[in-house]
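Below: one structure, written as structure tokens.
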Amino acid sequence: MVFDPEQLGSSFYDLLITQYPHLSPGRPIPWTAGPSHADASPLAAAVPHGTTILAIRYAGGVVIAGDRRATEGYQISGRRIEKVYKVDDWSAMAIAGAAGPCLDMVRLFQTELEHYEKLEGTPLSVDGKANKLAQMVKGNLPSAFQGLIVIPLFAGYDARQREGRIFKYDIAGGRYEETDYHATGSGGKDAKTAIKQYYKSGLNEHEAIGLAVEALCNAAEEDVATGGPDPNRGIYPTVKTVSAAGIVDVPSERIAPFYTAFLEKRRER
Amino acid sequence: MALPYYVSPELIMQDKAEYAKKGIARGRSTVAMEYEHGVVLMADNPSVSLNKISEIYDHIAFAGAGKYSEFENLRKAGIRHADMKGYLYSREDVTTKSLANAYSQSLGTIFSQEIKPLEVEILVVGLGEGETSEMYRISFDGSIFDEKLVAVIGGRSEAIMAHLKQQVEGPRPLPDALKKGLEALASVGQPELRLQQMEIAVLDRRRSGRKFRRLSQAELIDLSG
């Protein structure tokens, strides 16, 4: 048990890196120490990677979604991987990049927010959460140089401003707030193009969910690393809403009709 | 050279214990009781923001009596211990017993090694498998007691315990448990005590994930009817 008056912080991340430095994210792997280009690293193709994630703002909240495929080089290593996670009662995050470090970061961020809330008796503000995540991404920079990139997308409901907010990140820990939508990962560009075509401000929740599903279907058509809906296996993208109602999972039954409509539209062409 | 006076270890411990006991008895009491759906914690606490009861982990809660700064430090240490264990292993590996033991070790070490013992008494309560609950009372010297049905710390804890022991035979519905707890706390010279003036929280087995919940002022007014 840590009973150390010197250790007065409320951050779990800081506690972890002081107590267990070998477990802190971003610690470079000794045998490949030193910067190398991400593409040149053998790690990049040897570990599973998660791909397309996106977030769209609508009136009263944010839709955050991701496909379900993980790839190892040209192989599909997972069809049912989860890339969108609830982190606390009012925020969710999606992750793209090397799956292992991504999932580690989700777990660490979930613990971080709960830890702060319990110690301080009050949750962090949305900006506070977004900044803390930026520090964690920045901490991962040494690993990113070795090819283990983690790119999160963060969505939080701001109870004070009564609206959903989206934050995107770069590998150096840069934190940027997006006012409308964002998509990233290997199929991110295709998803973003699709959203751009149909997005308008003041969408309702239903429209935003439809747009998210359609964007992911578009990305799956163009990008090999993005998995589209798979009705035979019953696999659909993960979609969550972040609003005054908290973090709500959108069930596959609600996603399937959007996929059908998408196929219908394709057939009509 | 003057020789230092010899003081027997027995006397040192006795003095320390007396000092700590005095500090703890000066404060107000906190009661923990098993109820129908888990454990309810009631603290006679006039402050709205300086809490005596806190969440530690999914199914574990903490209550402290005595010196605020000291049990607050213990509370934080407990949250760090539990969160770290849950992160390194898994959430289900964080157990009430292991946390209570860690507290007992820390308090024991401080009592025997530091000049000033901690003037605190703490409760570590947790929900177990099925319908069971665990309640550990840990004293300033690290001694640990496994309590059943009810546990009381701080202030005139023995008198309150004696009162409650007669009243409570098994877990009751929440309003009933609150009534018994209030009566017991009021029995030691505070007849005007009201539920609304207390800090009350439950570990509710029916909740998913984090079981700890504070009862709001509005709920307490409803419950006190």
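Could you list, in sequence order, all residues of the stretch A:99-156 that are hydroxyl-bearing (S, T, Y) and at pLDDT 95 or above?
Within the stretch A:99-156, the subset hydroxyl-bearing (S, T, Y) is A:111, A:116, A:122, A:125, A:143.
Those that are hydroxyl-bearing (S, T, Y) and at pLDDT 95 or above: A:T111, A:Y116, A:S125.
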Legend entry - Evaluation of B:Y19 against (1) of a type outside the set (G, A, S); (2) within 10 Å of chain A (Cβ to nearest Cβ); (3) over 12 Å from the mean Cα position of the chain (by Cα) (one fails), failing number: (2)
Inset, instruction - Scan the stretch B:89-112 residue by residue and report those that are surrounded by 19 or more Cβ atoms within 10 Å (Cβ to Cβ) and away from every other protein chain (no Cβ under 12 Å). - result: B:T96, B:F111
Legend entry - Subset of the stretch B:184-225 [assigned to a helix (DSSP H, G or I) and over 20 Å from B:K148 (Cβ atoms)]: B:A186, B:L195, B:Q196, B:Q197, B:Q217, B:A218, B:E219, B:L220, B:I221, B:D222, B:L223, B:S224
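So, restricting to strands (runs of 3 or more DSSP E) that lie completely within the stretch A:123-185, which ones have at least 1 residues that are among the acidic types (D, E)? First the steps, then the outcome.
Numbers: elements: A:150-158, A:163-169, A:175-178, A:181-184.
The qualifying strands (runs of 3 or more DSSP E) are A:150-158, A:163-169, A:175-178.
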Inset, instruction - Name every residue in the stretch A:87-133 that is within 20 Å of A:G164 (Cα to Cα) and among the basic types (K, R), in order of residue number. - result: A:K129, A:K132
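Please go through the stretch B:85-110 and pick out each residue that is under 26 Å from A:V106 (Cα atoms) and over 16 Å from the mean Cα position of the chain (by Cα). Don't jump to the end; show me each part of the working.
Applying the first criterion (under 26 Å from A:V106 (Cα atoms)) to the stretch B:85-110 yields B:85-96, B:99.
Hits for the stretch B:85-110 are B:K85, B:G86, B:Y87, B:L88, B:Y89, B:S90, B:R91, B:E92, B:D93, B:V94, B:T95.
Any chance you could count how many residues in the stretch A:72-88 are in a loop (DSSP other than H, G, I, E, B) and either in contact with a Phe, Trp or Tyr (Cβ under 9 Å, 6 or more places away or on another chain) or basic (K, R) (or both)? Full working, then the answer.
Filtering the stretch A:72-88 down to residues in a loop (DSSP other than H, G, I, E, B) leaves A:73-74, A:79-83.
Next, from what is left, pick out any that are either in contact with a Phe, Trp or Tyr (Cβ under 9 Å, 6 or more places away or on another chain) or basic (K, R) (or both): A:79-80, A:83.
So the count comes out to 3.
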Legend entry - Top-ranked residue of the stretch A:201-216 - restricted to ones that are surrounded by fewer than 24 Cβ atoms within 10 Å (Cβ to Cβ) and touching a helix residue (DSSP H, G or I) at 6+ places or on another chain (Cβ under 6 Å), ranked as nearest to A:G66 (Cα to Cα): A:E214
Inset, instruction - Evaluate the following for B:G189: is it on the phi > 0 side of the Ramachandran plot and not aromatic (F, W, Y)? - result: yes
Inset, instruction - Of the conditions (1) at pLDDT 95 or above; (2) within 14 Å of chain A (Cβ to nearest Cβ), B:I153 clears all except one; give me its number. - result: (2)
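Which residues, taken from the stretch A:93-118, are part of a helix (DSSP H, G or I) and under 16 Å from A:L141 (Cβ atoms)? Show your work before the answer.
Filtering the stretch A:93-118 for residues part of a helix (DSSP H, G or I) gives A:99-118.
Those that are part of a helix (DSSP H, G or I) and under 16 Å from A:L141 (Cβ atoms): A:P101, A:C102, A:D104, A:M105, A:L108.
Taking into account only those residues within the stretch A:94-117 that are charged (D, E, K, R) and under 20 Å from A:I64 (Cα atoms), which is farthest from the other protein chains (Cβ to nearest Cβ)?
Start the filter on the stretch A:94-117 by keeping residues that are charged (D, E, K, R), which leaves A:104, A:107, A:112, A:114, A:117.
Imposing the further condition that a residue be under 20 Å from A:I64 (Cα atoms) reduces the set to A:104, A:107.
Details: A:D104: 10, A:R107: 7 Å.
Within the stretch A:94-117, the match that is farthest from the other protein chains (Cβ to nearest Cβ) is A:D104.
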Inset, instruction - Kindly list the number of the only condition in (1) more than 14 Å from chain A (Cβ to nearest Cβ); (2) at pLDDT 95 or above that fails for B:F62. - result: (1)
Legend entry - Count - residues of the stretch A:223-269 that are of a type in the set (D, E, K, R), exposed (fewer than 14 other Cβ atoms within 10 Å of the Cβ) and more than 17 Å from the chain's Cα centre (by Cα): 8
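The values are calculated or read from the model by the stated rules, or taken from the named source; none is laboratory data. Because the structure is predicted, anything quoted here is derived from the model rather than measured. Because the Cβ atoms are built from the backbone with ideal geometry, glycine has one as well, and the counts that use them run over all protein chains shown.
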